[in-house]
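Read through the structure below, which is laid out as structure tokens, and then see the notes.
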């Protein structure tokens, strides 16, 4: 059964009421042709639950925008959906193509501020790696019945490779079910090289107004949380409540070591009580042991980051020192599962909060 508009419908009942299921859910491909958005392309996903989002095939199948009942779920930056041909890999050039969005993929071999790793490439590694600017191939966007569920799926592959070196292939599937208010991301990374490779993989999720506002609460069960500059341990009173837009630009980053539930899953939330709207993240701790939290509450660039990953956003040296730096062996496959959901109303928010 599918729950829509306050009641349940069977597959047959829905088919009796529409000429085509695209009336209720689907995915459409489009081409972006103007300015520096050229080459990023577009897949628009629609769900009658109220959840709509845009995927960019030219940008690693990342989710560039997302809305629920007309309300944006993420920050959108002034750069727009910059095409991959305009990537500037040196230093902080990554920021010239940072559109914000619901998800930006960081990695696959590096994420963090520009850094030289003398134990590996011994060359400057640009901000947050190359993945977010890799175009996908074998892209498929379709929708269909799977039993009693109508499911929209977007699928494709990205490869980060260099002659005489790295050869990592990421196969990604993004899906949503008609009537549900959630997006599921399944990623499979395989090392096609004959050599081991560092594996640094983080989902840079970027909630913005109206979900993010003064008083918005960040929820996480954390065994230990540290700030980024001195690795000092901090408590929820430091990172839990969002500030209004600030006059002076300032960044704070916190690294959380989350606690999983009995099923081995971590749940994280961002709650706007006044709006009665929230976002939730769910993922297996065996795949994703850390949550990075970025706060940037400056006027005009008012954004926060909820960034689950297999490493922190603090680069190779920090992750190596703290024991989080991963290597993927030749022929090895790693899988990552992430579910992002919408919490609508006090009742759903209250039920979610029972986990904290």
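Bear in mind these aren't lab numbers, they're just calculated from the coordinates by the rules spelled out. Worth saying up front: this structure is predicted, and the values here are computed from it rather than measured. Cβ placement follows ideal geometry from the backbone for every residue including glycine, while neighbour counts extend to all protein chains displayed.
Once both labels are modelled 7 Å past Cα along the beta-carbon direction, what's the residue 238-residue 123 spacing in nm?
My value for the distance between the label points is 3.7 nm.
Label residue 317 and residue 249 with points 7 Å out from Cα along Cα→Cβ: what is the distance between them in nm?
If labels sit at residue 317 and residue 249, their model points lie 2.3 nm apart.
Using a Förster distance of 35 Å, how high is the FRET efficiency between residue 161 and residue 231, based on the Cβ-Cβ distance and rounded to 0.05?
0.55
Where does each of 109, 166 land when they are ranked from fewest to most other beta-carbon atoms within 10 angstrom? Kindly include the intermediate steps, with their values, before the conclusion.
Working: 109 23, 166 19.
Result, fewest neighbours first: 166, 109.
So how far apart, in nm, are the two label points at residue 273 and residue 18 if each is 7 Å from Cα heading toward Cβ?
Result: 3.8 nm between the two label points.
Given 0.36 nm per residue, what is the gain on full extension from residue 140 to residue 31 after removing their alpha carbon distance, in nm?
Going from the current span to full extension adds 37.8 nm.
Determine the calculated [θ] at 222 nm for the chain from helices alone, applying -39500 (n - 2.57) to every DSSP H run no shorter than 4 residues and normalising by the residue count; nearest 500 deg cm²/dmol.
Mean residue ellipticity at 222 nm (helix-derived): -2000 deg cm²/dmol.
Which whole-number percentage describes the relative contact order of the chain, with Cα contacts under 8 Å and a sequence gap of 6 or more?
15 percent
Expressed as a rounded percentage, what relative contact order does the stretch 82-201 have, with Cα pairs under 8 Å and six or more residues apart?
So the answer I get is 22 percent.
Order these by the 10 Å Cβ neighbour count, fewest first: 335, 230, 307, 8.
Result, fewest neighbours first: 230, 8, 335, 307.
What's the ranking of 207-213, 327-333 by average number of surrounding C-beta atoms within 10 Å, highest first? Each step should come with its number before you reach the end.
Numbers: 207-213: 20.3, 327-333: 13.3.
Those peptides, ordered most packed to least, come out 207-213, 327-333.
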